[in-house]
1. Count neighbours as other Cβ atoms within 10 Å of each site's Cβ, and list the chymotrypsin sites (Phe, Trp or Tyr not before Pro) in segment 115-197 that are DSSP loop with at most 11 such neighbours.
2. So how many Å³ per residue does the convex hull of the Cα atoms of segment 124-205 work out to?
3. Tabulate in residue order the Karplus-calculated ³J(HN,Hα) for segment 4-10, using 6.51 cos²θ - 1.76 cosθ + 1.60 with θ = phi - 60°, rounded to whole Hz; enter x for Gly and Pro.
4. Compute the separation of the alpha-carbon centres of segment 280-345 and segment 225-249 and state it in Å as a whole number.
5. Once phi is turned into θ = phi - 60°, what whole-Hz ³J(HN,Hα) does the Karplus curve with 6.51, -1.76 and 1.60 give for every residue of segment 107-112, x standing for Gly and Pro?
6. In units of 2.2 N^0.38 Å, what is the alpha-carbon radius of gyration of segment 185-314?
7. Inverting the mean 1/r over all pairs of different Cα atoms, compute the Kirkwood radius of segment 153-243 and quote it in Å.
8. Along its principal axes, what span do the Cα atoms of segment 239-338 show, with the longest given first and each in whole Å?
Amino acid sequence: MAPFAGFNMPIQYDGLKIEHQLVREKVGMFDVSHMGEFRVTGQQALPFLQKVTTNDVSRLQPGKIQYTCMPTPEGGIVDDLLIYQLAENEYFLVVNAANLEKDFNWLEAHRPEGAFLHDESDDWCLLAVQGPKAAAVLQKLTEVNLAEVPFYTFTRGALGGSPELIISATGYTGEAGFELYVPSQDAPAVWEAVLEAGAPEGLRPVGLGARDTLRLEAGLCLYGNDIDHRTSPIEARLGWITKLEKGDFLGRDIFARQKEEGVQRRLVGFELTDRGIPRQGYRLLNEEGNAIGEVTSGTQSPTLNKPIGLGYAQKGYTKPGTEIFVEIRKKQVPAKIVKLPFYKR
């Protein structure tokens, strides 16, 4: 266990590699109840969210989910988040735990009359059931046909003793699976029900250590490592969630210029071709030993059995196949830029 964002969080139960492979091959369950949940309602809810996020919220409809980020006027990122449309003029925002207070204050500072913002974080627990056998396990516990809940959609229904929860076809692992938003009072019973139902498939609890290696293999950004207030979504390869055509929003002019002119650095994936583990903050170097960027995330990939990492590299060093070096304990360890994601089912 370790403290994180005001919670005492499970880092590992049976061991990081065991849990990682469990999710890749069978099914595991994460308790990620530390995530924050906000509800936005009112006639001005849509214009409000359009102004403070980069993606086009008008494309949502009830039952759909959108990945997006909240930009700063200077072109950075306040946080990345999911937006669920629950009904007309009613949205459910899922934000990172470490940013909860900051995000709420940011939204409140930009909230217009006619939009209402409520922090419901204490009302919800979040259980993520991830892996190839996730649907088979959860189907035992609900009459909802999970085969009819495609990726990035959600439904509401009874599951595992809870009369109504949000069943969301999302995750942070690169695997199929579901995230269950459970009313807090029902969460212990649902946790136990999923453990029992999943036992024949080998389901076990999984900690945050494996969650990080799984998301990194899938090439997914982690706020505070790969994105923050100093990185733009265009630099972070999140241009696909930055919809200029929707009209005015915070930072739009900066992102339009970056899309047109290009950026001086970009988030890249790389693999080490020699031994060593890249860690956040290590320098990326060119052949002459000059700094060309910095590692933002790195690990020994349990699935690929090789050292992998994400980092920002200068223009001219971002193309797959480009040879670079990672400075590890004053040694220049050879690496090459690779196409993301590192792993895809």
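Read the figures in this text as sums done on the coordinates, not as results from a lab. Remember, it's a predicted structure, so these values are computed and weren't measured experimentally. All Cβ positions, glycine included, derive from the backbone under ideal geometry; neighbour counts span all protein chains shown.
1. Working: sites: PHE116, TRP124, PHE151, TYR152, PHE154, TYR172, PHE178, TYR181, TRP191; in loops: PHE151, TYR152, TYR172.
Of the chymotrypsin sites (Phe, Trp or Tyr not before Pro), the ones in loops of segment 115-197 whose Cβ has at most 11 other Cβ atoms within 10 Å are PHE151.
2. Details: hull volume 6.6 nm³, N = 82.
It is 81 Å³ per residue.
3. With the stated coefficients, segment 4-10 comes to 7, 6, x, 10, 9, 9, x Hz.
4. 22
5. Once rounded to whole Hz, the list reads 5, 4, 5, 9, 6, x.
6. Normalised Cα radius of gyration, segment 185-314: 1.38.
7. After inverting the mean inverse Cα-Cα distance, the result is 15.6 Å.
8. That gives 48, 32, 22 Å along the principal axes, largest extent first.
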